[in-house]
Amino acid sequence: MVDDGTTPGSGDDRTAPTPPPPSPFPPPPPSEPPSEPPLRAEVTWPPAGAPSADSVDDAPDDAAEPTVPDVTPAAMAPGRSIGPVRAGESDGRRRPRRQTWTFLGLLAGVLVLGLLSAAVFLGALTWPFGGSPGATPSPCPSPVSEIQSAALTKVRVLNASDRRGLALATARELQKRGFKVPSPPGNDTGSVKPTTAAVVRHGLAGATAARTVATQVKGKVADEQDDRLGEVVDLVLGQTFALVDPATGTAALRSRPAPSPSCQS
C-alpha cells in the first residue's frame, strides 16, 4: 500500500474543482494580424515621350483649336453623322443661332420691300419699269342701250281704269308700232289702282323691255319690279292713260345714248 501522505479520517480530504458554466455569447473571432501599408509607385512627370513645356510655349498662336466629337443627344439621333465641333460648343446651341440670323434677314427684306412699295404708291418714288404699277389701258366702253327694238319687246296690256275697250285699242296700236302682244288684253286683277298714267311691271330680265314700252306712254309711268322670270312685261293702264303719237313713238325707239365724252375720238 502506497502512502500518499493523507491519513483517512484526518479531515484534510480535497475534492476536484467544479468547471465554470458555459457563456451565452459566441466566442470572439480570432484577431487578424495587422496588414502592411500598400506600396507607393513612383510617378515621374512629365511622362516619357510627352512634349516639354518649352516646346508647348513655342507653338504658334493661331494653331487650330482642338475639336471633340459632338456627343449631344441631337447629334446621336439616328441618321445624323457625328462631325467635329468646336470645344465647348454643341450643335444644339449653334442651330438656334443660325435660325435667328435667317429670320432677321427675311424680316429685314420684307420691311425694305414694304417701304419701297409704300413710297411708289404715295408718289415719293417713280416706278422704275415704266408706266405706273398695275395701270392697264381701259378700252372705251361700248354704249349700253337703255331701250331695245320693238320687235324684241313682248308686252301684255291690262286695263285698270273704268274706260271700256281701252286695253284692246292700246294692244292693237302697239302691234302696229312693231311690239309683240303674246296674249289677249284683259283687266288688271290688282287691288291698288294706278295713280299715274300707267304702270309697267316686269322681272329682272325685262328691265330693258319695260323702258322700251314706257317710251310709248304719254305722261308719268310707274316702274314695278317683281320676281317673275322672262322678258314679258305688263302695261297696266291708268285712268289718264294715253299713247304718244306714232311719230313721237317711232323717234323714241330710234334714240340711243351718246358715248362718254372721254371716249370720243
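The values are calculated or read from the model by the stated rules, or taken from the named source; none is laboratory data. Note that the coordinates shown come from a computational prediction; the quantities given were computed from them, not determined experimentally. As a convention, Cβ positions derive from the backbone with ideal geometry for all residues, glycine included, and neighbour counts pool all protein chains shown.
Taking the stretch 150-167 as the range and being under 23 Å from residue 192 (Cβ atoms) and in a helix (DSSP H, G or I) as the test, the residues that pass are 166, 167.
Candidates in the stretch 84-121 are the residues that are touching a strand residue (DSSP E or B) at 6+ places or on another chain (Cβ under 8 Å) and among the basic types (Lys, Arg); of these, the one that is modelled with the highest pLDDT is 94. Of note, residue 250 does not satisfy the criterion of being part of a helix (DSSP H, G or I), within 58 Å of the chain's Cα centre (by Cα), among the β-branched types (Val, Ile, Thr) and under 20 Å from residue 149 (Cβ atoms). Within the set 206, 190, 219, the sole residue that is free of Cβ contacts under 8 Å to residues at least 60 places away in the same chain and in a helix (DSSP H, G or I) turns out to be 206.
Quick check, is residue 150 surrounded by fewer than 16 Cβ atoms within 10 Å (Cβ to Cβ) and aliphatic (A, V, I, L, M)?
No: the conditions fail for residue 150.
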